[in-house]
1. Cβ-Cβ under 8 Å, sequence separation 6+ or interchain: first residue in segment 227-246 and in a loop (DSSP other than H, G, I, E, B), partner buried (at least 17 other Cβ atoms within 10 Å of the Cβ) and of a type in the set (Val, Ile, Thr). Which pairs?
2. With ASP410, ASP398 as the choices, which residue is at pLDDT below 90 and closer than 30 Å to PRO263 by Cα?
3. Any chance segment 104-111 includes a residue that's in contact with a strand residue (DSSP E or B) (Cβ under 7 Å, 6 or more places away or on another chain), over 11 Å from ILE194 (Cβ atoms), modelled with pLDDT of 95 or more and surrounded by 24 or more Cβ atoms within 10 Å (Cβ to Cβ)?
4. Mind listing whichever residues of segment 192-214 are outside any helix (DSSP H, G or I) and either of a type outside the set (Gly, Ala, Ser) or surrounded by fewer than 17 Cβ atoms within 10 Å (Cβ to Cβ) (or both)?
5. When residues of segment 284-296 are filtered for being under 11 Å from ALA235 (Cα atoms) and in a strand (DSSP E or B), how many remain?
6. Being free of Cβ contacts under 8 Å to residues at least 60 places away in the same chain and assigned to a strand (DSSP E or B) narrows it down to one of GLN159, GLN118, so name that one.
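The values are calculated or read from the model by the stated rules, or taken from the named source; none is laboratory data. Keep in mind the model is a prediction, meaning the values are calculated, not measured. Glycine also receives a Cβ, built like all others from the backbone with ideal geometry; neighbour counts cover every protein chain displayed.
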Amino acid sequence: MTETGSAGVPRVTGQGAGRRATRLLHRAREARLAGEPSGVVPRAEIDASWDRVVRSGIDPDQSPESELLEADEIEHRRRSTALGELMPLLRAGLASIADAAQQIMVVTDTEGRVLWRQGNTGVLRRAHDICLEEGAAWAEAATGTNAIGTALAARVPIQVHSAEHFIRALHGWTCAAAPVRDPRDGRLIGIVDISGPASTFHPATLALVDSVARLAEGEIRTRHLAEIERLRAVAAPILCRIGGRALAVDVHGRLAAVTGMPPVDRLPLPKSLRPGPVWLPSLGMCRVEPLPGGWLVQVDDVGTVRGAPRRVVLDLSRPRALAVHLTGPLGSVKQRLSPRHAELLYALAVHRQGRTASELARDIFGDATRTVTVRAEISRLRRHLAEVLAHRPYRFGDGVEVEVIRPEHDADLLPHSLAPVVAEARGAARAT
């Protein structure tokens, strides 16, 4: 079906299931490739994907073929992902349904490489013609707009039907995919997809795939709770004998037990954590010792270990991977950022002399009265960055070197941000 967009332009909706909608999609796609205006536009998710793919230079007439991974590399990736333990659940939830619906279930890693596929035998044979097989690459950068690659790029469930695919060779297919995240740390671990001939399209397929992806995440969560209980049983007697502040956390930083301080849901840990002294952004200097399934973290309240951070790198180069890197004598640690926290740190990096709550409210919201919101957000930031953020006024601490890594073009700085301090920087970049 079609609907009218905010500018009065018809927008193709309903995943292009009807013949008229499919014809409109073909028309919109051909106009996009020719760089001409079109009387219709695709759904917002597809429109954004087409833009990404056009910029990447993919040929719409190319074959979807890709160089397949070797069998030993596929097996290594299967063993390296939590999805391997979830395959019985995924097969029970999707594979049998896909078989009956003349479709196939496909499971990929975070690079869009196919690790498993199962379903209707005839469709599996047809999938060979478009290289939808184990070891193949289905990220947008390799195969254009498709449910697997676009779900990876947008990090949301999506259904792609017929001419919504960028490569013409895929117009005879329909697919629905959903990302699966590890609830222990929020990281993406892979994509679950159902694909089949375009004639097998059904609007409920996306809801089914997304539901099974959520079930898979729930299974990881259940197993994790059992692991936390085992770690707590080991750590509790140890913490009883420790004076001062200490925590027992699993390898993802999730709390199992604590003494001498308020509990936290998760303690951000550096990727290469080792036993011994370590600086943690939220606690300062600590001593770390291994436990079965986790770590014992003792806060150095008496100052026997030195090594506060000396350098802060605010990485705003990729809108979907905003982060701050803290470096000190004992190494570095990376902290992911929300868009709001990235705005706040950018404002403090621009104004090294510091900002009052009302000045930050004007920087971020254009409204100097929104100080309560600013103070709450800064308080959340200081839970992880207390060692580098000072207050009265809010600022980066004395002696801390600050660097901002911007996008290739300053006009792309935090592209979705409405904060005046960011908009001003983007405007200045466009003016030059």
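1. ILE242/THR259; GLY244/VAL299; ARG245/THR259; ARG245/VAL299
2. Working: ASP410 fails: closer than 30 Å to PRO263 by Cα.
None of the other options fit; the residue is ASP398.
3. Yes, that holds for at least one residue.
4. From segment 192-214, those outside any helix (DSSP H, G or I) are 192-197, 201-204; that's our starting set.
Once the filter is applied, which keeps residues that are outside any helix (DSSP H, G or I) and either of a type outside the set (Gly, Ala, Ser) or surrounded by fewer than 17 Cβ atoms within 10 Å (Cβ to Cβ) (or both), segment 192-214 yields VAL192, ASP193, ILE194, PRO197, PHE201, HIS202, PRO203, ALA204.
5. Restricting attention to segment 284-296, the residues satisfying the condition of being under 11 Å from ALA235 (Cα atoms) are 290-296.
When the remaining residues are screened for being in a strand (DSSP E or B), the result is 290-291, 294-296.
Residues that pass the stated criteria total 5.
6. Values: GLN159 fails: free of Cβ contacts under 8 Å to residues at least 60 places away in the same chain.
Matching residue, one of GLN159, GLN118: GLN118.
Matching residues to (1) touching a helix residue (DSSP H, G or I) at 6+ places or on another chain (Cβ under 8 Å); (2) among the charged types (D, E, K, R); (3) assigned to a loop (DSSP other than H, G, I, E, B):
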{"residue": "ALA141", "(1), (2), (3)": "yes, no, no"}
{"residue": "ALA151", "(1), (2), (3)": "no, no, no"}
{"residue": "ALA163", "(1), (2), (3)": "yes, no, no"}
{"residue": "PHE166", "(1), (2), (3)": "yes, no, yes"}
{"residue": "CYS175", "(1), (2), (3)": "yes, no, no"}
{"residue": "VAL180", "(1), (2), (3)": "yes, no, no"}
{"residue": "GLY186", "(1), (2), (3)": "no, no, yes"}
